[in-house]
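Take a look at the structure set out below.
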Amino acid sequence: MDLREWMSAPELVTEMKHVVQELHWNHPIIVDFLQSNPQYRPKALLMILCLAYATQHFASEEIAHSCQTDPVYKTLSDSQPPFAQELIAFRRHNRAVILHVLEETLAHAARAQFGDAPSDERAIMVMASESALERLDTARHMDVQVE
């Protein structure tokens, strides 16, 4: 399911940015790595992939193309569209963090759609985890020919 059925693309991006900002970006190892590799854009790649997977776009070639043509993706890529191979490599090396951002975004969308009664929280998180994992697996299978 495309989460834009529950939330607009700008709302999805806002929620994802919130989740991404909460990650531990100030860890000394991460800071050193990013200072040594200024061309590496983990936040942008993370946002691009999570938005794509949340909106049912799984093939890295298609996502890379969207970064050249779609205004939302252009903004996320800061007018520096990634290559499909770059997206594949990022997904491979950062599966856990992509999964986390997707789970949190899916759970937020479900709460917005269905309410956030405390009794439903476990069901929401199970659904979010299963859906996030399924989306990552779909993306991996879509890119098998590209890799």
Study note, to complete from the structure: Across the stretch 11-32, the tally of residues that are surrounded by 10 or more Cβ atoms within 10 Å (Cβ to Cβ) and either aliphatic (A, V, I, L, M) or in contact with a helix residue (DSSP H, G or I) (Cβ under 9 Å, 6 or more places away or on another chain) (or both) stands at 14
Point to revise | Failed condition for Val126, given (1) crowded, with 21+ Cβ neighbours inside 10 Å; (2) assigned to a helix (DSSP H, G or I) | key: (1)
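Of the residues Leu49, Leu34, only one is within 14 Å of the chain's Cα centre (by Cα) and not in a loop (DSSP other than H, G, I, E, B); which?
Working: Leu34 fails: within 14 Å of the chain's Cα centre (by Cα).
Testing whether each residue is within 14 Å of the chain's Cα centre (by Cα) and not in a loop (DSSP other than H, G, I, E, B) leaves just Leu49.
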Check your understanding: Regarding Cys50, is this residue crowded, with 20+ Cβ neighbours inside 10 Å, on the phi < 0 side of the Ramachandran plot and in contact with a Phe, Trp or Tyr (Cβ under 6 Å, 6 or more places away or on another chain)?
Key -> no
Review point. Of the residues His65, His57, His141, which single one is of a type outside the set (A, V, I, L, M) and touching a helix residue (DSSP H, G or I) at 6+ places or on another chain (Cβ under 7 Å)?
Key: His57
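Within the stretch 79-96, which residues are crowded, with 17+ Cβ neighbours inside 10 Å and not in a loop (DSSP other than H, G, I, E, B)? Outline the logic, then answer.
The initial filter retains those residues of the stretch 79-96 that are crowded, with 17+ Cβ neighbours inside 10 Å, namely 81-82, 84, 87-88, 90-91.
Hits for the stretch 79-96 are Ala84, Leu87, Ile88, Phe90, Arg91.
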Exercise for review: Could you check how many residues of the stretch 25-83 are small (Gly, Ala, Ser), in contact with a Leu (Cβ under 7 Å, 6 or more places away or on another chain) and over 18 Å from Leu102 (Cβ atoms)?
Suggested key: 1
Review point. Within the set of pairs 6+ apart or on separate chains, which have a first residue in the stretch 122-142 that is over 18 Å from Gln56 (Cβ atoms), a second that is of a type in the set (Gly, Ala, Ser) and assigned to a helix (DSSP H, G or I), and C-beta atoms under 6 Å apart?
Key: Ile124/Ala107; Ile124/Ala110; Met125/Ala107
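Computed from the coordinates by the stated procedures, all read-outs in this text should not be read as laboratory data. Quantities reported herein were computed from a predicted structural model and do not represent experimental measurements. Note that each Cβ is placed from the backbone with ideal geometry, even for glycine, and that neighbours are counted across all protein chains shown.
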